[in-house]
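Let me begin by presenting the structure, written as structure tokens, before commenting on it.
A short reminder: the numbers here are calculations on the coordinates, not readings from a lab. Keep in mind it's a predicted model, so treat the numbers as computed, not measured. Note that each Cβ is placed from the backbone with ideal geometry, even for glycine, and that neighbours are counted across all protein chains shown.
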């Protein structure tokens with residue numbers, strides 16, 4: 001299966017991909033990563049736990065995979081293969097995860 005990189009860099013939503021299963025699934029994955037845990041009313045467990053950003057980078061790396069696995073329960077067609085976090089030149093914490101997209105156009 002091909003793998004894809006999903007990161008937490010801000011990007012506009014692509015409204016032209018509703019019929020492309022892989023593009024739509026990757027966009028949903030990115031949306032989950034960009035959503036704060038507790039931000040969605042009546043579904044407070046959806047989204048990424050932003051408390052990880054306050055951790056020292058080595059500790060964040062340890063906690064990252066379990067958090068991404070938990071977060072992606074809302075996108076069952078995606079499996080995280082690996083993840084990395086680092087500081088970019090502006091001092092922002094960048095998260096990059098390598099994911100596999102399963103399923104098919106019918107969502108199975």
Which of the residues spanning segment 1-53 are part of a loop (DSSP other than H, G, I, E, B), touching a residue at least 12 places away in the same chain (Cβ under 8 Å), within 20 Å of residue 94 (Cβ to Cβ) and out of contact with any helix residue (DSSP H, G or I) (no Cβ under 6 Å at 6 or more places or on another chain)?
9, 10, 11, 13, 35, 37, 47
Do we find that residue 57 is touching a strand residue (DSSP E or B) at 6+ places or on another chain (Cβ under 8 Å), loosely packed, with under 14 Cβ neighbours inside 10 Å, touching a residue at least 24 places away in the same chain (Cβ under 8 Å) and closer than 18 Å to residue 83 by Cα in this structure?
yes
Any idea which of 96, 67, 81 is assigned to a helix (DSSP H, G or I), under 15 Å from the mean Cα position of the chain (by Cα) and at negative phi?
67
